[in-house]
Structure formats: C-alpha cells, structure tokens
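Colleague: One structure coming up, written as structure tokens, with questions to follow.
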Amino acid sequence: MTKPKKQKMDKMVLFLIPIGVAINFVGGQIAGNLGLPVYLDSIGTMAIGALCGVFPGAAVGLVSNLLNAVTYPPNVFYAPISILIGIISALLSNKDYFKKVGKIIAIIAIFGLIGGGMSAVITWIIYGFEFGVPPTSYISVPLYKALGLNKFLCEFIGSFCIDAFDKAISVIIMVGILKAIPKRTLTKLPLGEIYIKEDPDEDDDV
Amino acid sequence: MEKQVNLNDFYRKKYMTYQKKENFVQDLNPLVKLNILLAIGIICVLLTDFKWRLAICALYYVIAFAGKKFRSFGLLFTGLAISFLAFLSVIRQLSVEGSHVLFSIFGWKWTMEGWESALDMTMTLCGFSGAVILFFTLTEMRDLMYALEKKGVSHVTSYVILASMQTITDLKKTSQTIMDSQRARGVETEGNLLVRVKALVPVISPLFLSALTSAEEKAISMDARAFSVKRDHTFLRELQPAPIYEVILAVIVDLCLIALIGMKITGRLG
Amino acid sequence: MAYIELKNVTYRYPLSKENALEDVNCKFEKGKFYGIIGENGGGKTTLCNVIRGLIPQFYKGKLDGEVEILGEELRDWDTAELSAKIGYVFQNPFTQISGVKETVFEEIAMGMENMGVPKEEMIDKVVEICKILKIEELMEKNPNELSGGQRQRVAFASIIAMDTEILVIDEPTSQLDPQGTQDIFEIISMLKKAGKTILLVEHKIDLIAEYCDEVIVMEKGKIAFSGAVKSVLANPELEKHGAMIPQAAKVGHELRKNHIELSGIPITIQDAVKTIKDRMGD
C-alpha cells in the first residue's frame, strides 16, 4: 500500500525538475536584466532540493549545468557544484534549516564556502592553475596585484566573495518563495510537510 | 475524401521513413557525431602546438559550413572565443610574470609570456568549447534524446531534458511579462543594489508559484497520456541507425585520440 | 457487476476541514453519456478525480467507501494502467500540452507512442482525429505557440487519439466559442455512438440537455439529483440546488405557471417546439 503512494509522489516531483531548471535560467536572466552582479542561477536547485529531496535537487543542478553548457561549454565542469547545492539544500531542509533566521545565515555561509571553494578549485584546474575569467577575477586579480598573496588563495577569496553574495540573495529569495507556497501544494511534495507543521492553529485531520 | 487520402499519404511519407535533413553532417547519427566531435575536442586540448589547435578550430568552421550551420555556429563560437581572448589577455598580463616586454600602455608593460599564456589558454578553452557548440548547433536535442532512448536511456530522462528546455522558454516569456507589469505598478527595478535586489522577489516568486501549481496539472495530464505506462514505446520520428561507415569514422577518430594519449604518456609529445 | 460504481464514498482533501464528497452513491453504465453539473466547488471535479484514480493516490487525503472501476476495486488498480483505460481531459489547456513535441501532429501521437501503438496505425489515427476536430491546419504548428482555444482542441484530440474505453472530460470548452463548443459536443456524441462511456462536467446546460443520457447534479459534495436527463433537467427544484435549468424547461415552467398545461416539460428547443405544437394542435 505504501509503495504505489511513493511512486505517485515521485511522479509529481518529476514534473518539478524542469521548473527548477527553468527558474535557474530565469533567475540568471533577470539578474542580468536588472544589472545585478550575481548569477542567481541556483534558486531553482535550492528550492527543489528543499521541497523534494536529495535526488530531485541534484537532478535540477545537473540538468541546469548541462543545458547551460550547450552555449557555454566550460559550464559542464561546474556541474558537481550545482549537484552538491541541490543535495545540501535537501539535507538542510530536512533539518529545518530554512525556517529560522539564525540558521539561514549559516546556510548562506555553507553555500558560499562550498560553492566558492569548489568553483575556485575547478577554475584553478580548468584554467591551467591560473586565474579564471570574470566575475571572480574582478576580485582575485586585484587582490593578487595589491597584496601579492598566493594566487590560489586570491582565486579562492574572489570566488568565495562572489558566491557568498550570490547565495545570500538566492537563499533569501528562496525562503520567501517557500513561505508563499500554498499548503495544498505542499502536501503533495515529499518534504512539503516540513513547511506545513509550522502552523500551530492547523488541526491534524489528515 | 480526396483530402484525407492526401493527408494520410503525406504523413506516411513523412514518418514511415527515417527523419533526414538531407545533409551528411547533420544526418550523422547523433551519438556518432557526439563521439567524433568530443574526441576532436579532447585532441585539441591535448595538442599543445598552436598551429595544430588553430587548424582544428578552423576545421570546426569547415564542418559547420558543410553542415549548413556556419552562421549560427560562427556567431556563437567566435563571440565566445573573442571574449575568452579578451579577458584572458588582460588577466594573464596581470598575473603572469615575464621579462620579454612587447609594448607598454601608460607604463603597463605587456609581456610575451603573459600573451603566450593567454593565447594557450584561449585555444584550450576554444578547442573544447568549439566541439560542444558545434555538436549542438548540428544536432537537435530531441534527436540526441531519441538516440539515447534507443540505447536504453529512460524516456523519463528524455522528458526532463526536453521539458526543461520548453519550460525555460515559457518562463522567460512569463518573467518578461511579470517584470513589465511590476514596473507599470511602480515596483522599482532601477536604482541602487538593494532596490534592484528587492525588485527580484515580486518577479521570481509568482513565477515559481504558478509554475509549481501547474506542475500538478502537468503530472495529471501526462499521466492521462500514458506517460507512466510500462510498455515498449513506439517512435513517430525515427532516425537512421548509424550505418557502418559512420561507425568506422568514429572509430578512426577515437584511435587518433588514443594514439595521442599514448604519445602524451610516453612523453613523445610536448 | 457495474462498469463504474461508487458506494458510500466520502472524501476529504488533506488539510481541509470539510468533506469534498459526502456519502456519494452512483453507478455508471457502459456506453452511456453522463453529464455532471452543479455549483462551483460542489464536488464535480473531485468526483472525476476519484474515478480517474487520482484520489487518493495523487491528492492523498482520506477516502472512505467503495469505488469499483471495470469490476475492480480502485485501490487495487495500478494507477498507470488505469490511465490507459480512462482518458482524461480537463479545463486548463496550457498544462495539457506536453512541451516536448514540436508539432501538433507529434503532440497528438504522443499518447499512442507511450502505449506502443504501431506507427502506421498511429499516423492514420492522428490524421483521422485532426479531421474530425477540424484542426488539419494546425497539424504542422508548434503546440507551444497556440492560442488557448487551439490548445484546448489539441488537448482533446490528444486524449481521444488514445482510444480509451472511458472518457472523463472536465469542462473542455472553457476557451471555445459557441461554434467550437457545439463541435466538441458533436464529437463527444460521436464517441458515444462508437461505444465509449463518457462522463462530462459542463456548465452549458442546453447542450447537456441535448446530448447527454443521464445527469448528475452535485451540491456541497453530495448528489442532489441523478437520473435520466429528461426527468432531472425538467425538475423546477434544480435552480435551488445551484444548477441551471435549460432554456426550454424555463419556458415550460413559465407556461405551467400560467396554467397552460403541456404534455411534459421540454428540455431542448426541439423538444419545446414539438410539445408546444402538440398542445396547440389539441
């Protein structure tokens, strides 16, 4: 009896993956339109991860990067980061992280470190152990020039700054979205319950 | 009555045969094409000699031309190559130390070493990027997914990829509409950073929420189209299975790649 | 054994405080055309969702009572297999386009592809259906760029192409003009003649009167009336239960009020003309 139920749940999730991917793209586009110096290309990954779990989150990240690679091929190498963001988002969601302000700051730091750290390493390898292209190099190169620090350290700092800022905005937008999702929709999402139980005046009639 | 006969004939002719573009390059089996182009891309990355790499990039243009996609490939690839070159030139001039000064702008010395490093990196990126971009300008995503499905990839994967592409188009359109209407309603979309960040929420949030609710109906409607029925599917559009000469072509390119890797490992090549 | 039967069915959506269906009992026979009418929020769509097997598996919530579909208890059905037996068309035409096909022709063929229908058969079927629905001029168009009305037709075509025994159709004409609506009803009645069982949710009462065999009137999750179309729609009480009355029946009731006795309350215009003529001929 529980098995077909689960199947059904997965089915709904399947149709959410394309939406997560599209939100990633649209976020990037809007950020560009508004002239914001951020990517905003992981809101969909985080949201689907937080609402649907580890696998759907990872899938959104992977598909987003693959489709992005069609026009900007180096992106394919950054796929592991997107996948990881989806996974971590799901894990944190399970631990109620997206519901408390204090923890949201922790999330931003986690995403910034992972996103920034990993992308610094990947950039470092792809670009032949040197600085990559902007926007990170807007920070890393001047840093290197001014302070003469280790090149990788500069890349890492640049990467972290950009990523932390990007993820901060993304997480804030995403938390706003999570709050606005109608309960009826939440009941159909695997991790939706986390965001329903919060309401104390709701009697438990299910 | 006559019309019906015509339509039946028309569609039988259209779908009972393999889907073709009547162009050798475009009609290569998607997986063969992917194999060949990726192998060439990797070869280009491995070859350190500038002339060889330039030749391969030129080859991309030639293939694109033969595949009647010169314009779309050219625009995308050339644009990417120029932006790589421009950014890397400046960055490498700043980060790579060198003693061979080429010229100087207001006391900023441009060195040979920096320039070489930038050019080398640009060629590496272009060698790989060119292959990928070329593949996707020559191949429709649905054809690639068809070929993958034929190799045993689930139709669910295929659906997710194709639906993602359509959803991106749809949501981009909707986001533009929402943005315009928010602007009309007086939501500030220009000004300092904070103002613009704030403007994001009323744009992205309704977009996501409406998409989320539509996913529910989408699930139901796709279910009604027997999406999850476990049966062998038939395909209305079919592509020709890779003919033997295509496979041979792919094998030759792969052998070149393997040989090159061998030479790399044994140190016979730079 | 009934074709489709609901016994004492009560259902409540998750988080909801009211029952969406309450103690619903009804039977559907093979080959009949059923109209489901009633107020908005009266449970029409919920009833469809139960029969489609979407409740409780998809919508979750609490379902009591027995639901039997094609002689098998609903809970024993594999939902995917059930979807191959019951075609389902609903109101919103935008979510019913798959988004993965590039021409209307391929869109309509998709359900058959999933069912593994041989290609030649598939091609003929799509052409036939496009002809019936008068959408030949759309066949080569991109389904994602159509208007609401066009999409509604394509969505309808995509489902009837699958040739299921039962069709559950929830407001298929919301985006269509009167002519388009009439066309859809013609097609549904043609499908009925081909032996299909049809459950249709619609507001357009005059068309229900003209085409349906039986009518179910839903009110607050309960069945207020049900039975042969002629007896249900001729009932003057209908309006008190949130349902509309056909034009012809209104005329009939008015005449009765004015003590002009007719042989019966007509429900279609044709009917009315005949009844009144008979009466004048007396």
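The values are calculated or read from the model by the stated rules, or taken from the named source; none is laboratory data. Source: prediction; values computed, not measured. When we count neighbours, we look across all protein chains shown, and the Cβ atoms used for this are built from the backbone with ideal geometry, even at glycine.
Colleague: Mind telling me which of the residues B:Leu200, B:Leu138, B:Leu194 ends up being more than 11 Å from chain C (Cβ to nearest Cβ) and surrounded by fewer than 20 Cβ atoms within 10 Å (Cβ to Cβ)?
Modeller: B:Leu194
Colleague: Going through C:Glu121, C:Glu81, C:Glu128 one at a time, which residue ends up being out of contact with any helix residue (DSSP H, G or I) (no Cβ under 7 Å at 6 or more places or on another chain), within 7 Å of another protein chain (Cβ to nearest Cβ) and surrounded by fewer than 20 Cβ atoms within 10 Å (Cβ to Cβ)?
Modeller: The conditions single out C:Glu81.
Colleague: Kindly check whether there is at least one residue in segment A:101-113 that is crowded, with 21+ Cβ neighbours inside 10 Å, more than 9 Å from every other protein chain (Cβ to nearest Cβ) and closer than 30 Å to C:Lys60 by Cβ.
Modeller: There is at least one residue in segment A:101-113 that is crowded, with 21+ Cβ neighbours inside 10 Å, more than 9 Å from every other protein chain (Cβ to nearest Cβ) and closer than 30 Å to C:Lys60 by Cβ.
Colleague: Kindly check whether there is at least one residue in segment C:186-193 that is within 30 Å of B:Lys150 (Cβ to Cβ), out of contact with any Cys (no Cβ under 7 Å at 6 or more places or on another chain) and either assigned to a loop (DSSP other than H, G, I, E, B) or not charged (D, E, K, R) (or both).
Modeller: No: zero hits.
Colleague: Can you pull out the residues in segment C:261-282 that are surrounded by 12 or more Cβ atoms within 10 Å (Cβ to Cβ) and hydrophobic (A, V, I, L, M, F, W, C)?
Modeller: C:Leu262, C:Ile265, C:Ile267, C:Ile269, C:Ala272, C:Val273, C:Ile276
Colleague: Within segment A:128-148, which residues are more than 19 Å from the chain's Cα centre (by Cα), within 24 Å of A:Phe111 (Cβ to Cβ) and not in a helix (DSSP H, G or I)?
Modeller: Within segment A:128-148, A:Phe131, A:Gly132, A:Val133, A:Pro134 meet the criteria.
Colleague: Then there is this: Across segment C:177-206, which residue is farthest from C:Thr164 (Cα to Cα) among those that are in contact with a Pro (Cβ under 6 Å, 6 or more places away or on another chain) and crowded, with 20+ Cβ neighbours inside 10 Å?
Modeller: The extreme case among them is C:Ile205.
Colleague: Right, another one. Would you list the helices (runs of 4 or more DSSP H) that sit entirely within segment B:1-116 and hold 3 or more residues that are of a type in the set (A, V, I, L, M, F, W, C) and within 27 Å of B:Met145 (Cβ to Cβ)?
Modeller: B:30-46, B:50-66, B:70-95
Colleague: Restricting to segment B:111-162, name every residue that is more than 19 Å from B:Ile56 (Cβ to Cβ) and among the charged types (D, E, K, R).
Modeller: The answer is B:Glu113, B:Glu140, B:Arg142, B:Asp143, B:Glu149, B:Lys150, B:Lys151.
Colleague: Do we find a residue being surrounded by fewer than 18 Cβ atoms within 10 Å (Cβ to Cβ), free of Cβ contacts under 8 Å to residues at least 60 places away in the same chain, at the interface with chain C (Cβ under 10 Å from one of its Cβ atoms) and under 27 Å from A:Gly192 (Cβ atoms) anywhere in segment B:219-229?
Modeller: No: zero hits.
Colleague: Any residue at all in segment C:24-36 that's at pLDDT below 90 and crowded, with 24+ Cβ neighbours inside 10 Å?
Modeller: Looking for residues that are at pLDDT below 90 and crowded, with 24+ Cβ neighbours inside 10 Å, one finds none in segment C:24-36, hence no.
Colleague: How about segment A:149-189: which of its residues are over 15 Å from the mean Cα position of the chain (by Cα) and buried (at least 19 other Cβ atoms within 10 Å of the Cβ)?
Modeller: A:Cys154, A:Glu155, A:Phe156, A:Ile157, A:Gly158, A:Ser159, A:Ile181, A:Leu186, A:Lys188, A:Leu189
Colleague: Just to be sure, is A:Gly28 more than 7 Å from chain B (Cβ to nearest Cβ), under 26 Å from B:Gly130 (Cα atoms) and part of a helix (DSSP H, G or I)?
Modeller: Criteria met by A:Gly28.
Colleague: Any idea which residue in segment B:179-191 is nearest to the other protein chains (Cβ to nearest Cβ), counting only those that are among the hydrophobic types (A, V, I, L, M, F, W, C) and farther than 19 Å from A:Phe25 by Cβ?
Modeller: B:Val187
Colleague: Next up: Within the bounds of segment A:176-199, is there any residue that is assigned to a helix (DSSP H, G or I) and farther than 30 Å from C:Ile55 by Cβ?
Modeller: Yes, that holds for at least one residue.
Colleague: A further question follows. For segment C:224-235, state whether one or more residues are without any contact (Cβ under 8 Å) to a residue 60 or more places away in the chain and within 21 Å of C:Phe90 (Cα to Cα).
Modeller: Checked segment C:224-235: no residue is without any contact (Cβ under 8 Å) to a residue 60 or more places away in the chain and within 21 Å of C:Phe90 (Cα to Cα).
Colleague: Hey, another quick one. Exactly one condition in (1) within 12 Å of chain B (Cβ to nearest Cβ); (2) closer than 15 Å to A:Ile169 by Cβ; (3) outside any helix (DSSP H, G or I) is false for A:Thr71; which is it?
Modeller: Of (1) within 12 Å of chain B (Cβ to nearest Cβ); (2) closer than 15 Å to A:Ile169 by Cβ; (3) outside any helix (DSSP H, G or I), only one is false for A:Thr71: (2).
Colleague: Still on this model: What are the residues in segment B:230-247 that are at the interface with chain C (Cβ under 8 Å from one of its Cβ atoms), over 26 Å from the mean Cα position of the chain (by Cα) and not hydroxyl-bearing (Ser, Thr, Tyr), if any?
Modeller: Of everything in segment B:230-247, those that are at the interface with chain C (Cβ under 8 Å from one of its Cβ atoms), over 26 Å from the mean Cα position of the chain (by Cα) and not hydroxyl-bearing (Ser, Thr, Tyr) turn out to be B:Lys230, B:Arg231, B:Asp232, B:His233.
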